[in-house]
Amino acid sequence: MKRSAKALATLALSGALALPLLLACTANAAIVTVGSTGTPTAEIDVGNPATIFDTAVSGGASLTSPISGTVIRWHVSGFSGGPFSLQVLTPDGAGSYTSTGTSAPATPTSKATQTFSANVPIKAGQTLAIKNTNGADMVGYFVPAGAGSAFFVPPLGEGSSGIATTGLPVEYTYNAEVQPLPAISAISPSSGPTAGSTSVLISGHDFTGATAVTFGGTAATSFSVLSESTITAISPAHAAGDVAVSVTTLAGSANAPTSFTFAAPPTPAPIAPAPPVAKCVVPKLLGKHLKGAKKAIRARHCKVGQVTKEEGVTAKTGTVVKQNPKPGTTRKAGSAVGVKLG
């Protein structure tokens, strides 16, 4: 790799190890930094389009990602030219690396620390590299004890593997922020009406910066991130059934281990029609003996009224010769029906 005269003159310089990170959001212990945290003391021209990376970092920094998640931001210091891209490399431990992800290209506007957004998955144990575009591109570095770097010329292609070439004993000043994937451990309650408006407590971890909460793909009516491990969400209106509850952050999405059930409102029991109000419908009684007449009267929800007899007639021998009211007359239940025996 080509080295500038300036670089050759300053390789022996060591730099301070306290480069402040310019975070774009509130600091959170869940987000980890991978790569150099040193301050550049010089710059070097790369000489060719290449993939360059540190093989050792100082000051207790992490050379490889300790977690699986997503690179959400990356930083360079002492860089100029470009554009540059951040690459995720998988080392095999024997000098070979595979490129497994690359950020969008970005161009520094000064040699001061520059911050760029990214959305690149990374797994625990993977490391980071910088891919440049032009031979005249400049990158910042310093020279701590035990420093080391490597490179690929031309740049390592996406999905490609190769044996890296050992580079200068320097530490290039670039790093990235990795946010872990969120995870949901429980939801409570686990059901609510189809009309929505149920307040659901979502428990888990790495909820910082949550951008969405959904129920079966439908956005929650609203949600609040109470802490890195707790979210409250208001369920939306949804068709009846079991659905997945999902939380999305910059690092990715996670589903709850159990479903949320949208329950349809119970079907009201049918209201039985009121029984018909009984009425007294006067039967035809002419010719009946008194006993039969009484039975017929009562069967029609009427009651036996006044009973009169012609002279010489008894209840046993007489039959109905006259009734009041007339047959077929409708009165309220319990109305009296009078008869005359003859």
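Using the basic label-point model (7 angstrom from Cα toward the beta carbon), what is the LYS326 to LYS111 distance in nanometres?
12.5 nm
At 7 Å along Cα-to-Cβ for each site, give me the label-to-label distance between LYS309 and THR258 in nm.
Output for this residue pair reads 8.4 nm.
Within a Cβ distance under 15 Å of PRO66, other residues only, what is the Lys/Arg minus Asp/Glu net charge?
-1
Take the solvent-accessible surface of the protein heavy atoms, probe 1.4 Å, and return the percent of it on the chain that carbon and sulfur atoms account for.
Carbon and sulfur together cover 57 percent of it.
How big is the stretch 52-164 by the Kirkwood estimate over distinct Cα pairs, in Å?
Here the Kirkwood hydrodynamic radius works out to 14.5 Å.
Between ARG298 and ALA278, what is the label-point separation in nm under the 7 Å Cα-to-beta-carbon projection?
1.1 nm
What number, in percent, do you get for the relative contact order of the stretch 299-342 if the mean sequence gap of Cα pairs under 8 Å and at least 6 apart is divided by its residue count?
Reported relative contact order: 59 percent.
Have a look at the stretch 115-214 and give its Rg and Dmax from the Cα atoms, expressed in angstrom.
Looking at the stretch 115-214, its Cα Rg and Dmax stand at 21.9, 65 Å.
Restricting to Cα pairs below 8 Å that are 6+ residues apart, what does the relative contact order work out to for the chain? Please round to a whole percent.
The normalised contact order for the chain reaches 15 percent.
Helix-only mean residue ellipticity at 222 nm, the chain, DSSP H runs n ≥ 4 weighted -39,500 (n - 2.57), per residue, nearest 500. What is it?
-1500 deg cm²/dmol
Of the residues SER99, SER160, SER229, which exhibits the maximal mean-square fluctuation in a Gaussian network model of the chain defined by a 10 Å Cα contact cut-off?
Greatest mean-square fluctuation among the candidates belongs to SER160.
Against the longest principal axis of the chain, how steep is helix 290-299, in degrees 0 to 90 to the nearest 10, with axes from Cα atoms?
Approximately 20 degrees, to the nearest ten.
Mind jotting down a quarter of the surface of the convex hull over the alpha carbons of the stretch 229-272, in square nanometres, one decimal?
Orientation-averaged projected area of the Cα hull: 4.7 nm².
With every protein chain left in place, what is the accessible area per residue of the stretch 141-244 in square angstrom, probe 1.4 Å?
Normalised by residue count, the accessible surface of the stretch 141-244 is 40 Å².
Order these peptides, 272-283, 52-63, by their mean beta-carbon neighbour count within 10 angstrom, highest first.
Packing proxy ranking, top to bottom: 52-63, 272-283.
When N counts the residues of the chain, how does its alpha-carbon radius of gyration compare numerically with 2.2 N^0.38 Å, as a ratio?
Ratio of Rg to 2.2 N^0.38 Å for the chain: 2.24.
Report the per residue volume, in Å³, of the convex hull enclosing the C-alpha atoms of the stretch 195-332.
Normalising the Cα hull of the stretch 195-332 by residue number yields 176 Å³.
The values are calculated or read from the model by the stated rules, or taken from the named source; none is laboratory data. The structure presented is a predicted model; accordingly, all values stated were derived computationally and were not measured. Ideal geometry is used to build each Cβ from the backbone, glycine not excepted, and the neighbour counts take in all protein chains shown. The protein model used for the area step is the full one, side chains on, heavy atoms only, and it has no ligands, DNA or RNA in it. Shrake-Rupley method; radii C 1.70, N 1.55, O 1.52, S 1.80 Å.
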